[in-house]
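The values are calculated or read from the model by the stated rules, or taken from the named source; none is laboratory data. Being a predicted model, the structure only gives us computed values, none of them experimental. When we count neighbours, we look across all protein chains shown, and the Cβ atoms used for this are built from the backbone with ideal geometry, even at glycine. These accessible areas exclude ligands, DNA and RNA; they are computed on the full protein's heavy atoms, side chains included. Shrake-Rupley method; radii C 1.70, N 1.55, O 1.52, S 1.80 Å.
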Amino acid sequence: MNTSDYSLAEPTAIIVMGVSGSGKTTLAQHLAKRLEIEFLDADDFHPATNKAHMASGKPLTDAMRLPWVEILRHRLDAEAAAGRSLSLAFSGLRKSHRELLRQSRGKKIFFHLTGAKALIAERMTARTGHFMPESLLDSQFDTLEPPSSEPDIISLHIEHTIEQLTEQALSHLHR
(Lines give C-alpha, C1' and ligand atoms only; values in the text may rest on other atoms or scores of the structure.)
Protein backbone atom coordinates (compact mmCIF):
# COMPACT_ATOMS: atom_id res chain seq x y z
CA MET A 1 0.00 0.00 0.00
CA ASN A 2 1.02 3.58 -0.51
CA THR A 3 1.50 5.97 2.39
CA SER A 4 -1.64 7.76 1.27
CA ASP A 5 -3.61 4.54 1.89
CA TYR A 6 -3.08 5.00 5.62
CA SER A 7 -4.60 7.64 7.82
CA LEU A 8 -5.94 7.86 11.34
CA ALA A 9 -9.56 8.90 11.81
CA GLU A 10 -8.93 10.54 15.18
CA PRO A 11 -5.92 11.73 17.21
CA THR A 12 -4.10 8.54 18.11
CA ALA A 13 -1.01 7.73 20.13
CA ILE A 14 0.67 4.66 18.68
CA ILE A 15 2.86 3.35 21.49
CA VAL A 16 5.55 0.85 20.54
CA MET A 17 6.76 -0.84 23.70
CA GLY A 18 9.27 -3.49 24.73
CA VAL A 19 12.54 -4.02 26.50
CA SER A 20 15.63 -2.10 25.45
CA GLY A 21 17.01 -3.45 22.19
CA SER A 22 13.71 -4.90 20.96
CA GLY A 23 13.47 -2.40 18.08
CA LYS A 24 10.74 -0.12 19.40
CA THR A 25 12.42 3.08 18.24
CA THR A 26 12.94 1.73 14.73
CA LEU A 27 9.35 0.52 14.40
CA ALA A 28 7.90 3.72 15.90
CA GLN A 29 9.97 5.77 13.41
CA HIS A 30 8.79 3.66 10.48
CA LEU A 31 5.15 4.00 11.55
CA ALA A 32 5.50 7.76 11.97
CA LYS A 33 6.98 8.08 8.49
CA ARG A 34 4.34 5.89 6.84
CA LEU A 35 1.47 7.65 8.65
CA GLU A 36 3.06 11.09 8.29
CA ILE A 37 2.77 11.79 12.01
CA GLU A 38 5.22 12.93 14.67
CA PHE A 39 7.71 10.47 16.17
CA LEU A 40 8.70 10.72 19.83
CA ASP A 41 11.34 8.67 21.62
CA ALA A 42 10.52 8.38 25.32
CA ASP A 43 14.25 8.15 26.04
CA ASP A 44 14.55 11.81 25.01
CA PHE A 45 12.30 12.74 27.94
CA HIS A 46 14.44 11.04 30.61
CA PRO A 47 16.27 13.49 32.85
CA ALA A 48 20.05 13.38 32.52
CA THR A 49 20.29 11.77 35.96
CA ASN A 50 18.23 8.79 34.78
CA LYS A 51 20.37 8.34 31.68
CA ALA A 52 23.57 8.57 33.72
CA HIS A 53 22.19 6.06 36.21
CA MET A 54 21.47 3.54 33.44
CA ALA A 55 24.73 4.25 31.63
CA SER A 56 26.57 3.34 34.84
CA GLY A 57 24.96 -0.10 34.70
CA LYS A 58 22.22 0.46 37.27
CA PRO A 59 18.53 -0.09 36.49
CA LEU A 60 16.02 2.64 37.20
CA THR A 61 13.75 2.34 40.19
CA ASP A 62 10.01 2.85 39.89
CA ALA A 63 10.43 6.13 41.78
CA MET A 64 12.85 7.28 39.07
CA ARG A 65 10.53 6.16 36.25
CA LEU A 66 7.29 7.73 37.52
CA PRO A 67 8.09 11.44 36.87
CA TRP A 68 9.29 10.46 33.39
CA VAL A 69 6.03 8.64 32.62
CA GLU A 70 4.05 11.65 33.90
CA ILE A 71 5.94 13.90 31.47
CA LEU A 72 5.01 11.54 28.65
CA ARG A 73 1.35 11.45 29.73
CA HIS A 74 1.19 15.25 29.67
CA ARG A 75 2.75 15.28 26.19
CA LEU A 76 0.20 12.76 24.91
CA ASP A 77 -2.56 14.95 26.39
CA ALA A 78 -1.23 18.05 24.66
CA GLU A 79 -0.89 16.32 21.29
CA ALA A 80 -4.41 14.84 21.46
CA ALA A 81 -5.87 18.20 22.57
CA ALA A 82 -4.24 19.77 19.52
CA GLY A 83 -5.77 17.08 17.29
CA ARG A 84 -2.44 15.47 16.43
CA SER A 85 -1.45 11.81 16.26
CA LEU A 86 2.00 10.52 17.14
CA SER A 87 4.14 7.43 17.30
CA LEU A 88 5.95 6.90 20.61
CA ALA A 89 8.79 4.51 21.39
CA PHE A 90 8.32 3.72 25.10
CA SER A 91 9.53 0.77 27.16
CA GLY A 92 6.19 0.40 28.96
CA LEU A 93 7.64 -2.23 31.26
CA ARG A 94 5.21 -1.65 34.13
CA LYS A 95 1.45 -2.04 33.80
CA SER A 96 0.98 1.00 36.06
CA HIS A 97 2.99 3.10 33.58
CA ARG A 98 0.90 1.89 30.67
CA GLU A 99 -2.21 2.77 32.71
CA LEU A 100 -0.90 6.30 33.22
CA LEU A 101 -0.53 6.76 29.48
CA ARG A 102 -4.04 5.39 28.97
CA GLN A 103 -5.33 8.23 31.17
CA SER A 104 -4.29 10.80 28.59
CA ARG A 105 -6.73 12.11 26.00
CA GLY A 106 -7.20 10.51 22.63
CA LYS A 107 -7.02 6.99 21.35
CA LYS A 108 -4.08 4.77 22.28
CA ILE A 109 -2.84 1.65 20.51
CA PHE A 110 0.04 -0.35 21.95
CA PHE A 111 2.35 -2.65 20.04
CA HIS A 112 4.49 -4.87 22.26
CA LEU A 113 7.67 -6.10 20.60
CA THR A 114 8.57 -9.56 21.86
CA GLY A 115 11.43 -11.87 21.10
CA ALA A 116 14.17 -14.07 22.41
CA LYS A 117 16.52 -12.53 24.94
CA ALA A 118 19.51 -13.81 22.95
CA LEU A 119 18.39 -11.97 19.81
CA ILE A 120 17.79 -8.76 21.74
CA ALA A 121 21.20 -9.05 23.44
CA GLU A 122 22.81 -9.51 20.03
CA ARG A 123 21.11 -6.35 18.78
CA MET A 124 22.15 -4.39 21.86
CA THR A 125 25.76 -5.45 21.39
CA ALA A 126 25.71 -4.34 17.75
CA ARG A 127 24.31 -0.84 18.36
CA THR A 128 26.49 2.14 19.11
CA GLY A 129 25.92 5.42 20.90
CA HIS A 130 23.10 4.27 23.18
CA PHE A 131 23.23 4.91 26.94
CA MET A 132 21.62 1.58 27.88
CA PRO A 133 24.26 -1.13 28.32
CA GLU A 134 23.55 -4.76 27.48
CA SER A 135 24.27 -5.60 31.14
CA LEU A 136 20.83 -4.16 32.03
CA LEU A 137 18.90 -6.47 29.71
CA ASP A 138 18.14 -8.96 32.50
CA SER A 139 16.75 -6.14 34.65
CA GLN A 140 14.53 -5.06 31.74
CA PHE A 141 13.04 -8.56 31.50
CA ASP A 142 12.73 -8.75 35.30
CA THR A 143 10.86 -5.42 35.38
CA LEU A 144 8.57 -6.23 32.44
CA GLU A 145 5.02 -6.98 33.48
CA PRO A 146 3.75 -8.87 30.43
CA PRO A 147 0.63 -7.25 28.98
CA SER A 148 -1.20 -10.54 28.40
CA SER A 149 -4.39 -9.33 30.14
CA GLU A 150 -4.48 -5.94 28.38
CA PRO A 151 -6.71 -6.21 25.30
CA ASP A 152 -5.46 -2.99 23.67
CA ILE A 153 -1.92 -4.34 23.32
CA ILE A 154 -0.94 -6.17 20.16
CA SER A 155 2.17 -8.35 20.32
CA LEU A 156 4.54 -8.38 17.38
CA HIS A 157 7.47 -10.79 17.15
CA ILE A 158 10.85 -9.23 16.38
CA GLU A 159 12.05 -12.18 14.32
CA HIS A 160 10.34 -10.45 11.38
CA THR A 161 12.02 -7.74 9.33
CA ILE A 162 11.25 -4.11 10.11
CA GLU A 163 9.29 -3.92 6.86
CA GLN A 164 7.16 -6.91 7.90
CA LEU A 165 6.62 -5.49 11.39
CA THR A 166 5.60 -2.14 9.93
CA GLU A 167 3.07 -3.78 7.61
CA GLN A 168 1.71 -5.93 10.47
CA ALA A 169 1.26 -2.87 12.67
CA LEU A 170 -0.39 -0.87 9.88
CA SER A 171 -2.72 -3.77 9.20
CA HIS A 172 -3.78 -3.84 12.87
CA LEU A 173 -4.33 -0.08 12.84
CA HIS A 174 -6.73 -0.29 9.95
CA ARG A 175 -8.90 -3.19 11.04
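For the chain, the relative contact order comes to 35 percent (Cα pairs under 8 Å, sequence separation of at least 6). Per-residue ellipticity at 222 nm, computed for the chain from helices alone with -39500 (n - 2.57) per DSSP H run of at least four residues, works out to -13500 deg cm²/dmol. Computed from point charges on the beta carbon alone (+1 for Lys and Arg, -1 for Asp and Glu), the dipole magnitude for the stretch 28-109 about its Cα centre is near 280 Debye. Once the 1.4 Å probe is applied to the protein heavy atoms, the stretch 25-79 comes out at 50 Å² accessible per residue. If the chain linking Ala81 and Lys107 were pulled fully straight, counting 0.36 nm for each residue of separation and taking away their Cα-Cα distance, it would gain 8.2 nm.
If a spin label sat at a point 7 angstrom from the Cα of Lys95 along the line to its beta carbon, the backbone N atoms of the stretch 10-31 nearer than 18 Å would be those of 17-19. Hey, any idea what % of the chain's accessible area is carbon plus sulfur with a 1.4 Å probe? Looking at the chain in its full context, I get 52 percent from C and S. Once the gyration tensor of the Cα atoms in the stretch 26-175 is diagonalised, the equivalent ellipsoid follows with semi-axes of 23, 20, 15 Å, ordered largest first.
When the Cα positions of Ala13, Thr166, Ser104 are compared along the charge dipole of the chain, Ser104 comes out farthest toward the positive end, with charges on each C-beta of Lys, Arg, Asp and Glu.
Note on the chain: with charges restricted to the Cβ of Lys and Arg (+1) and Asp and Glu (-1), its dipole about the Cα centre is near 240 debye.
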